[in-house]
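Since the structure comes first, as structure tokens, the remarks are kept for the end.
The values are calculated or read from the model by the stated rules, or taken from the named source; none is laboratory data. Bear in mind the structure is a predicted one, so any value in this text is a computation, not a measurement. Neighbour counts run over all protein chains shown; Cβ positions are idealised from the backbone, glycine included.
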Amino acid sequence: MLSRFKLLGKARPNIWRAQIAKHNCKSVSTYERYGASQTHGEVPQLIHQREHKYAEGKVYNGFLCEHVEYISDFELTSYTLRHQKTGTELWHIDRNDANNVFSINFRTTPFDSTGLPHILEHLVLCGSKNYPVRDPFFKMLNRSVATFMNAMTGPDYTIYPFSTMNETDFRNLQRIYLDAVFRPNLLYLDFLQEGWRLENEDIQDCNSKLIIKGVVYNEMKGAFSENSQIFSQNLLNNMLPDHTYGNVSGGNPLEIPKLSHKDLIEFHQKYYHPSNSRIYSYGSFDLTKTLKLLDEEYLSERTGIDNSYSEIPRQQRWQQPRNVHISSRLDNMGAAFDRQNQIAIAMLMCDVTNLQESFELNVLSEVLIRGPNSAFYKSLIEPNFSGGYNRSTGYSSDTKDTAFVVGLQDLRVEDFTKFNELFDQTIAHSIENGFESQHVESILHSLELSLKHQSPHFGNALLFNSTALWNNNGDIVSNLRVSEMISSLRTSLSRNKTYFQEKIQKYFANNTHRLTLTMSPDALYQENFKQAESEMLRQITDALDKEKFKQIFQSGLELDAFQKLKPNTDILPCLTVNDVSEPPKWPKLIVETIQNVQTQICKVSTNEITYLKCLFNASSLSQEETLLLPLFCNVINNMGTCKYDFREFDKQVLSKTSGLDFKLNFVENVRDAKSYKIGVMMDTYALDKNVQELFYFCQELLLNFDFTDTERLKMLIENYISNISVGVASSGHLYAMLGANALVTDAGNLKSLLFGIDHIEFMKTLVQDNNTIDICKTLKSIGKKIFLKNNMKVAINTTESYLATALQHYRNFLQTLPSLDKTKESTEINLLDPSCQHYIMDIPVNYCAKAFFAVSYLHPDHPKLRVLAKLLSAKYLLPVVREKNGAYGAGAKISSDGIFSFYSYRDPHSTKTLDTFDKTYEWTCLEKNVIDQQALFEAKLGVLQQLDSPIAPGNIGIDYLLYAVSQDMFQNYRSRMLSVTVDELHATVDKYLKKPPTNYGKCIIGPEIKELESSHGWKIIK
Ligand SMILES: [Zn+2]
């Protein structure tokens, strides 16, 4: 989703573990929330002779080069430049990486909760001097092949980042972004649309009642429908109450209407001054062009000012700990009412600019929290009185003062005291007994391994990891010397046996800046909000005179007319066919059969890491076993083996590998979509020198997994259920699409039971109706049935020089695996009769979806429908459902399973949106001219953003492993997609949208809609 409002950072297991390789397919979509895409970007090569492109002390286009440094950990050269006239700092990272990044950052420190910085973030993207087009940002989504494009408001910063592998695209976006932030139009009508406004419910009737509307107003109502967000927002505000962090930078809906257009203009003048901005550039494109554009167009005409006005002071430490209690929404999909509470203890640590200290406290936090060998896991999680750590748990360095947070979700109010006692006991115990060195070592190893691991979004990750530090004037370059920080910590630990204990004494035991935040559900939460909202509305309207009422009516009409104006998008730059005709190049896959196992090998520069993926076909399992697969994948690596208990296994595995991850895959046949396979994928990697151990641990787990400890399993299951219930509201459109898909085919139905809302219900019932011993038995039988040699496909990605050794270890590994008789390959898919379902959730917004079966992935019409889906999203659904009807997002897509879906996100309407979906064909008839060459090309670019998205070296070839889609098939798909014509698109509309589909489903997730109960074909699920 565009424009993400960012709260206090979540627990980050590892600061440099950028975006961990989630297996994501380029051609074929997976069931991932906001799937992060992977790179085929060129892998950085070692530069032997280093020549600096810019020299310290020299001036380039008005920028003085202040500092140059080569960072060997990441094979990059960092250049720090400063614009002489305005003082604007520019940080350039020169690296042999095709996925280039650019970002403009501002330090924005709000002093109220009207959402000023957030609304401004929206408004600057509503048109600027050179690009006076409404929402150029959204329009550019279709005129670019960006791999990332967004704008975010944090607690004390607003950033505008994008990334792309195409240089023409890079220059286009750079111009638009710079013009947007430095010369926005900030029109009053845009303020009404994006911020907040009073409007007649029926804009044609001046006597109809007034309501509050606005994109951000609705967005923030939606943001706080997620309890974990309410919790982390309150944690931040209460832990750092004295200055800017005491406010909600995204906006509290009840405060937003205090904001005026004038405030906004003033805020822009003050905080978006070039002297208060920081500019980031990353990758291999020529920096000189960037410097020239910045200097000539935006900076040379401005004068520099002292930007210390936006600095954030250190939080004054408290003399006494504090306690705060808040209420939350009662979550009808969550735990039982009496268990739906949360608690956390938060403590301020050091200043974010104290690099080594902050780094060590981060490691120490991991030692205290992560995995079964950590002190808090043993004391808080294992006694099993909660649903596990909550989302706020971890070390956070997103603010001026860093913080340590540990908290639990889904516990009883009676256990709050216990939590507090256990916290103090754990701290005391750790100070007395210290830590096991092997546990500390496994955490340091993970950190070192992550330095070598290549992420396709390294440039973005680097920006996000540096933003808070940079914003607080920290030394972002030194912060990249991670190896040095690790070795310095190792030295301290070996010189002083009680090094960490002393830190705990100082930062934990003796820390009086300690907040205990508790949260309990209130059945009237939503009702109370509604009352407060109508009371606010009453107060505002009471103060209005006749003249004001008239003005509101007038501006409602004006805005409506304004929204209906045809935007002059010709002003915006756009790529041409020539810019994108070249398909991305990847190393060829070699497919061999080794000991009867299909093995694909990819020789690629991996920076001394070997990647291993083993895919086990699980299609022969019984229905009962299949439904337990998500749980199986979640617990199999957490139970230990016959030889090692779970603590020992965790420690050993993480000292040598990235860990053994298991993930469930559901794959429809790409040729005809008439059958599906279910697979369990084991995904891991290790430094080349540890590959023998990597295979050893895989073998140990696959052969000797152990489900005998039923008490542990019981705890893991309860934590699992708590975790899957978190986040439904924030990814509601994905759940709605799964819910609609479930009504189209029996495979879709099963998918919803494995990944959707139905899965949450299924797991709760399972635990109520079965004892753990029986569940253990089923899990054990799953492992015995699927971990077979003749049931497995393997992918190995490694460097050419190491391949022979890797294969030797691999052959030895294969010899140990058992084989059984041939198992079932796949299951047939059946279409279902049309139906609709409504999941009732106590939230203020809706998520709607409609799905129908179209064609399989390899059918010639699939690329046409994919282009059509993009076109409908941009030209029909976004203008109507988002811009006109106030939803936060909307779109259409076709997935690899052949299902075509429509969806809306944080939508104030429900059935109205479904009608919009149904009326798609009518719209194409009325707006026949909309499908022209330009619209078609833009839609193709939208598809290309997905097809050409960068993929990590460790993930090359994943489409072949999962879907048997070869590189040639993919290239064919890509060229077929690029060759789609306007006539073909019209024919596709007639073929698939004219007649109502024979197999379809509709789904609404959101507050109860009474009239649906009597409506035909609707199933209501409470
Ligand atoms: Zn927003």
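Observations
- Whichever residue in the stretch 213-227 is touching a Lys or Arg at 6+ places or on another chain (Cβ under 9 Å) and closer than 21 Å to Val880 by Cβ and, among such residues, is farthest from the ligand (Cβ to nearest atom): Lys213
- Residues of the stretch 780-826 that are in a loop (DSSP other than H, G, I, E, B), of a type outside the set (Ser, Thr, Tyr) and within 33 Å of the chain's Cα centre (by Cα): Phe787 alone.
- The sole residue among Gln815, Gln808, Gln837 that is at pLDDT 95 or above and within 30 Å of Leu330 (Cβ to Cβ) is Gln837.
- Those residues of the stretch 341-360 which are under 20 Å from Leu422 (Cβ atoms) and in a loop (DSSP other than H, G, I, E, B), in sequence order: none
- Unmet requirement for Asn237, which otherwise passes all of (1) more than 25 Å from the chain's Cα centre (by Cα); (2) away from the ligand (no atom under 16 Å from the Cβ); (3) at pLDDT 95 or above: (1)
- Boolean, Ser308 is assigned to a helix (DSSP H, G or I) and either at pLDDT 95 or above or within 24 Å of the chain's Cα centre (by Cα) (or both): yes
- Applying the condition of being exposed (fewer than 13 other Cβ atoms within 10 Å of the Cβ) and not polar (S, T, N, Q) to the stretch 298-308 and asking which residue is nearest to Gln526 (Cα to Cα) yields Asp306.
- Test for Ser208: is it at pLDDT 90 or above, closer than 30 Å to Gln554 by Cβ and away from the ligand (no atom under 16 Å from the Cβ): yes
One line per residue, one yes/no per condition, for (1) farther than 15 Å from Thr518 by Cβ; (2) at pLDDT 95 or above:
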| position | (1), (2) |
| --- | --- |
| Ser379 | yes, yes |
| Pro383 | yes, yes |
| Gly394 | yes, yes |
| Asp398 | yes, no |
| Gly407 | no, yes |
| Glu414 | no, yes |
| Thr417 | no, yes |
| Phe423 | no, yes |
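- Some residue of the stretch 416-433 being aromatic (Phe, Trp, Tyr), surrounded by fewer than 23 Cβ atoms within 10 Å (Cβ to Cβ) and touching a Ser or Thr at 6+ places or on another chain (Cβ under 7 Å): yes
- Checking every residue in the stretch 626-646 against the condition of being modelled with pLDDT of 95 or more, crowded, with 21+ Cβ neighbours inside 10 Å and among the basic types (Lys, Arg) gives zero matches.
- Close pairs from the stretch 199-227: first aromatic (Phe, Trp, Tyr), partner within 16 Å of the ligand (Cβ to nearest atom) and assigned to a helix (DSSP H, G or I), Cβ under 8 Å, at least 6 apart: Tyr217/Ile256; Phe224/Gln233
- The number of residues in the stretch 615-625 being crowded, with 22+ Cβ neighbours inside 10 Å and more than 30 Å from the chain's Cα centre (by Cα) comes to 1.
- Which numbered condition Ala892 misses (of (1) under 30 Å from Leu524 (Cα atoms); (2) surrounded by 18 or more Cβ atoms within 10 Å (Cβ to Cβ); (3) among the aliphatic types (A, V, I, L, M)): (1)
- So Ser72, is it surrounded by 24 or more Cβ atoms within 10 Å (Cβ to Cβ) and either closer than 29 Å to Met485 by Cβ or at pLDDT 95 or above (or both): no
- Residues of the stretch 219-257 classified as out of contact with any strand residue (DSSP E or B) (no Cβ under 9 Å at 6 or more places or on another chain) and either more than 20 Å from Asp156 (Cα to Cα) or β-branched (Val, Ile, Thr) (or both), total: 4
- If you filter the stretch 888-919 down to residues that are in a loop (DSSP other than H, G, I, E, B) and within 16 Å of the ligand (Cβ to nearest atom), you find that the one that is modelled with the lowest pLDDT is Tyr888.
- Within the stretch 246-291, considering residues that are within 16 Å of the ligand (Cβ to nearest atom) and among the small types (Gly, Ala, Ser), the one surrounded by the most Cβ atoms within 10 Å (Cβ to Cβ): Gly251
- On inspection, Glu66 does not qualify as part of a loop (DSSP other than H, G, I, E, B) and modelled with pLDDT of 90 or more.
- The criterion of being under 30 Å from the mean Cα position of the chain (by Cα), more than 30 Å from Pro161 (Cβ to Cβ) and not aromatic (Phe, Trp, Tyr) holds for Arg329.
- In the set (1) out of contact with any Lys or Arg (no Cβ under 6 Å at 6 or more places or on another chain); (2) within 20 Å of Phe63 (Cβ to Cβ); (3) buried (at least 20 other Cβ atoms within 10 Å of the Cβ), the condition left unmet by Ile230 is number (2).
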